[in-house]
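Since the structure comes first, as structure tokens, the remarks are kept for the end.
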């Protein structure tokens, strides 16, 4: 069993390295912008969905206002970048400001448990969205000299790097003492508290990681788009996309949001050519199914299927 | 600002607030009894609005009369949603029950929103009856007839649900279940039936509100989130347990929105309501919905 598990771990690591290597040399293979754009979007959504996963999947706190932090990251990065700051520094600043904002609201917000935290953050994100829309009801467009230097390959690699960093951060978190504390908190808040887990501290750490990563994802968005409404990254759609991807893929797992993001972006691409927004209808229904009958999402569905197809592994254990 | 103008704004605010109260009453009933936080409640408002809109557009049925058809329709939709989806969380403990219902509601809201775009396009719709433009003027203050009609319907609906909960056996069973489902179950109340009926009635209240929105204002497939938020704000303001109390909470929100339009500007109307919502949430951290 342990040998088997270790072998599987090695296979997974090997496969991940192979896929990463292929993604890394992809721009050398093809200069097709549609392929690179697709890659960028997948990496962006992996980062965004994993950032939500840190809070929802690990610590069990449903956040319906995640777009607020994505929006803050985008706003700060864009503003600094256009003011002449190096884009990477701007990106970092966006993550930091999103994190600080997360901590500022986290202390009062976590006085609310469960669903109240969720609807509180939903309200907060709407306040930000409407305010930004009122104060800056305009399109943010890059200056001409920025556009001439625009490189899609650059964005592609930055997004890939950020996605890898995010997954690595969550991998480390999942193996750390504090990550285990978060899992305890997710399963039963009172029991975790009783066994000595400082639930507020764990929630705040999860929120800090989640908001910083969301801010970085937002900065990536601001670095990618030539022009967009300032209000757009604050739209609740970013929260919804992240929730859909994380849950349908498999919330609380590392692979789930990756699988979910690939599935989501591809489906969106294929379906928007024929029918508008149909992917949201399909993902909405899948989401409900996952919540009701398959809490592990696609990742769990795949492992159940594997147990069915390879008799003697899962089945023999249960008999 | 003349006092007449102020009163006019207040009247508009209160007329809108009546619909907030009606929509919130449904959410409050469902949350109070089932401990199910249905964030697709605003989508039920939207569906009720479209049902009346299409009855009017296809067969010219008066929107107020169409309530006789759409209310039973919403009841059936509510039964279906509960049996098909929300009944799955019935057996969970309170906290996971609220969380899971929230997630189901979220998926449902998204599905309904996009289904509505597919079925009815994203256009803004409004029912224009022969009397849509009619107004009653009282001391220089204008009262649109359709909105007065909506107010009357809202008061009747709230009154009816209040009497139902206070006077009938089933209504008392629903209140008993909301108070303590274990005790209610022990004295022989069929919990599953009270859950089912409460959810269906909550859907009817949402649907009636939707009809009134489509006749006094306008609807589109995207109004769900806004109405869910309005209903949540009112429920947080008013607390649980009393239908007339929830209705008053709605009127209060409507008035507060008018006041903020006057003194801060219409663009921040929603922000003011949300800030009040967050403040009230913060001040009562045990969860506002606690009785």
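Quick note: the coordinates plus some simple rules give every number you see, no bench work behind them. Keep in mind it's a predicted model, so treat the numbers as computed, not measured. Don't worry about glycine lacking a Cβ; one is built from the backbone with ideal geometry, like all the others, and counts go over all protein chains shown.
Data table
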quantity: Packing-based exposure ordering (other Cβ within 10 Å, fewest first) of B:82, A:86, A:279; calculated: A:86, A:279, B:82
quantity: Using alpha-carbon coordinates, inclination of helix B:191-216 to the longest axis of chain B, degrees; calculated: 10 degrees
quantity: Extension reserve of the residue B:283-residue B:169 stretch, reckoned as 0.36 nm per residue once the Cα distance is removed; calculated: 37.4 nm
quantity: Ascending count of other beta-carbon atoms within 10 Å, so fewest first, for B:161, B:189; calculated: B:189, B:161
quantity: For the stretch B:6-53, the fraction of alpha-carbon pairs in successive 10 Å shells from zero, as %; calculated: 24, 40, 28, 9, 0
quantity: Distance (nanometres) between label positions extended 7 Å along Cα→Cβ at residue A:139 and residue B:264; calculated: 3.0 nm
quantity: Ascending count of other beta-carbon atoms within 10 Å, so fewest first, for A:48, A:80; calculated: A:80, A:48
quantity: Part-to-part distance (alpha-carbon centres) for the stretch A:245-312 and the stretch A:64-104, which is given in Å; calculated: 29 Å
quantity: Residues residue B:134 and residue A:307, FRET efficiency given R0 of 51 Å [Cβ-Cβ distance, rounded to 0.05]; calculated: 0.15
quantity: Residue B:186/residue A:293 FRET efficiency (R0 35 Å; Cβ-Cβ; nearest 0.05); calculated: 0.70
quantity: Bins of 10 Å from zero: percent of alpha-carbon pairs in the stretch A:72-124; calculated: 26, 36, 25, 13, 1
quantity: Where only C-alpha atoms are counted, convex hull volume of the stretch B:3-283 per residue in Å³; calculated: 128 Å³
quantity: At 1.306 mPa s and 10 °C, Stokes D of the stretch A:33-234 from Kirkwood alpha-carbon radius, µm² per second; calculated: 92 µm²/s
quantity: The stretch B:143-252: equivalent-ellipsoid semi-axes (sqrt of 5 x gyration tensor eigenvalues, Cα, Å); calculated: 29, 15, 13
quantity: 222 nm mean residue ellipticity, helices alone, for chain A (DSSP H n ≥ 4; -39,500 (n - 2.57); rounded to 500); calculated: -26000 deg cm²/dmol
quantity: Debye intensity ratio I(q)/I(0), log10, the stretch A:145-277, q values 0.11 Å⁻¹ (C-alpha model); calculated: -0.53
quantity: Sequence-separation-based contact order of chain A, relative, with Cα cut under 8 Å and 6+ spacing, percent; calculated: 29 percent
quantity: The stretch A:200-244 - Rg over Rh from alpha carbon coordinates, Kirkwood radius; calculated: 1.06
quantity: Principal axis dimensions, the protein assembly as shown - Cα atoms, whole angstrom, descending; calculated: 76, 68, 48
quantity: Relative contact order [Cα under 8 Å, 6+ residues apart], chain B, whole percent; calculated: 40 percent
quantity: Spacing of the two label points (7 Å from each Cα toward its C-beta) at residue A:188 and residue A:229, in nm; calculated: 4.7 nm
quantity: The stretch A:1-128 - percent relative contact order, Cα under 8 Å, separation 6 or more; calculated: 25 percent
quantity: Kirkwood-Stokes translational diffusion coefficient of the stretch A:140-194, alpha-carbon pairs, 4 °C, 1.567 mPa s, µm²/s; calculated: 89 µm²/s
